[in-house]
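Report on the following structure.
The values are calculated or read from the model by the stated rules, or taken from the named source; none is laboratory data. Note that the structure is predicted; figures quoted are calculated from it, not measured. Ideal geometry is used to build each Cβ from the backbone, glycine not excepted, and the neighbour counts take in all protein chains shown. What goes into the accessible areas is simple: the full protein's heavy atoms, side chains included, and nothing from ligands, DNA or RNA. Shrake-Rupley method; radii C 1.70, N 1.55, O 1.52, S 1.80 Å.
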Amino acid sequence: MATPELQQTLAKSAGFSGTSLHTGEKASLKLHPAPVDHGIKFKRKDLQDEPTVDAKIGNLKTVERATTIGEGSVRVHTVEHVLAALSAMGVDNAIVEMDANEPPIGDGSAQPYVDLIRRAGLAPQEAARRFFNVREPMHLESKSGALLVLLPSDEFRISCTQAGPNHRFTQYLSVEITPPVFEREIAPARTFVYYEEVEPLMEKNLIKGGSLENAVVLRGDAVLSKEPLRFTDEFVRHKILDIIGDLALVGSRIRGHLIAVKPGHAANAELALAIGKEQARCDMLALPRVIPKDNGGLDSEEVMRILPHRFPFLMVDRILSFNEGGTKCVGVKSVTINEPFFQGHFPGHPVMPGVMQVEAMAQVASLLLFKLAKTTSRIGYFMSADGVKFRKPVLPGDTMFIHAELTKSRGERLAKAKCHCVVNDAVVSEGELMFTFLDK
Ligand SMILES: [Zn+2]
């Protein structure tokens with residue numbers, strides 16, 4: 001592993017002003033540096049006491065056409081473009097100070113905010129960045145037809161399909177999101193709207209600041225804008241921009257590949273919420289937990305007195321407990337990066353081999369059978385494994401709980417045990433194992 005990536009803030013403050021989209025009034029925005037672990041916070045300079053709103057998914061309020069966050073009665077609207085620029089350009093900590101309830105819309109893209117970050121410059125900080133590493137696929141489908149699938153990947157990549165009404169303006173693009181790629185390929189893409197959708201808003205005067213200078217309007221097959229299209233596939237690029245901005249509310253950088261079909265703010269926010277939940281769950285599990293001793297289980301020495309297995313083949317650290325009848329037990333195995341099999345399975349991508357999990361089940365089941373038979377004069381041989389399923393990957397740092405339950409014992413010679421392994425409260429593998437006993 002490389003040295004950890006450091007958090008960054010802005011080297012100095014920088015600001016600009018323009019029109020706000022919804023009120024049509026003048027608004028100014030200033031970016032300021034902020035300390036380590038501060039995250040991105042919006043500051044309403046126009047309100048008494050200058051309250052701040054944390055750019056966190058827990059503060060999400062509405063996703064109607066744009067993303068609104070708030071705390072208490074304070075709201076900040078249309079945060080996605082400035083958040084996208086900060087996140088993708090590598091700013092982890094900043095204060096976004098505004099004298100209005102939304103940022104100046106600029107040209108409808110993230111370009112003005114990127115220019116601002118460029119003017120302010122970046123400054124590294126003495127703390128590691130926080131990442132959300134996608135462990136296993138997550139997916140969601142919304143009623144509006146959005147489909148989002150997040151897959152494990154070492155890089156943050158977005159593959160997006162945008163499709164308008166009646167399949168008009170269907171576009172596809174797949175890009176790895178890095179600062180240079182964002183600046184060149186994504187940031188300049190402008191907001192676009194379908195005429196039939198904005199017409200009622202215009203009539204109600206809800207988008208006073210909206211004009212052909214800050215949005216591309218699609219009417220039928222016609223593209224209406226002051227400036228020609230910046231990319232032939234500008235619309236899918238803007239969709240990617242919005243995704244980056246909405247997912248910035250997660251607060252950590254994402255290592256994963258997002259496949260997004262017909263995304264929108266509502267679906268993006270739903271995914272950000274799901275990521276936040278998953279992250280909170282993993283944080284909880286990362287807390288050290290005390291596993292009681294003297295619970296009638298077996299410590300490592302007792303395990304080794306019964307099992308002949310030794311390093312690197314001993315796959316049980318301890319037996320936590322047996323049930324009253326002695327027909328069930330739970331063993332534990334701390335899976336560390338030092339396990340020899342990780343070196344080759346696989347280089348750069350360590351995953352515990354499924355067969356090693358079956359071996360762990362067999363060893364725990366053997367300990368259970370030994371406890372029942374109360375003799376060391378016979379030796380149990382592992383004969384078969386049925387219904388073996390590997391459901392989730394087991395990774396370095398995981399604590400694997402191995403459950404075994406005796407289901408059938410035919411005479412003195414044969415026994416069957418139902419086993420499963422659990423990591424992070426989820427079953428990762430399961431199988432039914434059969435043993436035969438022979439005299440030593
Ligand atoms: Zn947008």
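Assorted remarks:
- Of the residues making up the range 234-256, none is more than 22 Å from the chain's Cα centre (by Cα), away from the ligand (no atom under 15 Å from the Cβ) and open to solvent by 50 Å² or more (accessible area, probe 1.4 Å).
- The listed residue being aromatic (Phe, Trp, Tyr), within 30 Å of residue 335 (Cβ to Cβ) and at pLDDT 90 or above, out of 313, 235, 231: 313
- In the range 25-32, the condition of being open to solvent by 10 Å² or more (accessible area, probe 1.4 Å), closer than 25 Å to residue 271 by Cα, in contact with a helix residue (DSSP H, G or I) (Cβ under 9 Å, 6 or more places away or on another chain) and away from the ligand (no atom under 16 Å from the Cβ) is met by no residue.
- Residue satisfying all of: in the range 406-430; over 29 Å from residue 279 (Cα atoms) and either open to solvent by less than 20 Å² (accessible area, probe 1.4 Å) or assigned to a loop (DSSP other than H, G, I, E, B) (or both); modelled with the highest pLDDT among these: 417
- Test: residue 371 is closer than 19 Å to residue 325 by Cα, without any contact (Cβ under 8 Å) to a residue 40 or more places away in the chain and not small (Gly, Ala, Ser): no
- Among the residues making up the range 173-213, those that are touching a Gly at 6+ places or on another chain (Cβ under 6 Å) and not charged (D, E, K, R) are 179, 191, 209.
- The range 60-91, subset more than 16 Å from the ligand (Cβ to nearest atom) and free of Cβ contacts under 8 Å to residues at least 40 places away in the same chain, residue least open to solvent (accessible area, probe 1.4 Å): 70
- Spans of strands (runs of 3 or more DSSP E) in the range 43-87 with at least 2 residues of a type in the set (A, V, I, L, M, F, W, C): 74-76
- Residue within the range 261-269 that is among the charged types (D, E, K, R) and either open to solvent by less than 30 Å² (accessible area, probe 1.4 Å) or modelled with pLDDT under 90 (or both) present: no
- Any chance residue 165 is at pLDDT below 95 and either more than 16 Å from the ligand (Cβ to nearest atom) or within 24 Å of residue 6 (Cβ to Cβ) (or both): yes
- Sub-6 Å Cβ pairs linking a first residue in the range 40-59 that is closer than 23 Å to residue 88 by Cα to a second residue that is open to solvent by 60 Å² or more (accessible area, probe 1.4 Å) and not hydroxyl-bearing (Ser, Thr, Tyr), at least 6 apart or interchain, are 43/50; 53/71; 57/273; 59/71, ordered by first then second residue.
- Some residue of the range 373-381 being among the hydroxyl-bearing types (Ser, Thr, Tyr), assigned to a strand (DSSP E or B) and closer than 21 Å to residue 432 by Cβ: yes
- Some residue of the range 92-105 being away from the ligand (no atom under 16 Å from the Cβ), part of a loop (DSSP other than H, G, I, E, B) and charged (D, E, K, R): yes
- Any hit, the range 146-162, residues being more than 30 Å from residue 4 (Cβ to Cβ), surrounded by fewer than 23 Cβ atoms within 10 Å (Cβ to Cβ), under 25 Å from the mean Cα position of the chain (by Cα) and away from the ligand (no atom under 16 Å from the Cβ): yes
- Residue in the range 340-360 that is nearest to residue 310 (Cα to Cα), counting only those that are not in a helix (DSSP H, G or I) and not hydrophobic (A, V, I, L, M, F, W, C): 353
- Scanning the range 210-233 for residues that are part of a loop (DSSP other than H, G, I, E, B), within 16 Å of the ligand (Cβ to nearest atom) and either acidic (Asp, Glu) or crowded, with 21+ Cβ neighbours inside 10 Å (or both) turns up 210, 213, 214, 215, 233.
- When residues of the range 106-140 are limited to those that are surrounded by fewer than 14 Cβ atoms within 10 Å (Cβ to Cβ) and in a strand (DSSP E or B), the one farthest from the ligand (Cβ to nearest atom): 126
- Residue among 335, 364, 355 that is within 17 Å of residue 382 (Cβ to Cβ), of a type in the set (Val, Ile, Thr) and open to solvent by less than 10 Å² (accessible area, probe 1.4 Å): 364
- Taken as a whole, the condition of being in contact with a His (Cβ under 8 Å, 6 or more places away or on another chain) and within 21 Å of residue 308 (Cα to Cα) applies to residue 363.
- The number of residues in the range 47-59 that are open to solvent by 70 Å² or more (accessible area, probe 1.4 Å) and either on the phi > 0 side of the Ramachandran plot or over 21 Å from the mean Cα position of the chain (by Cα) (or both) comes to 2.
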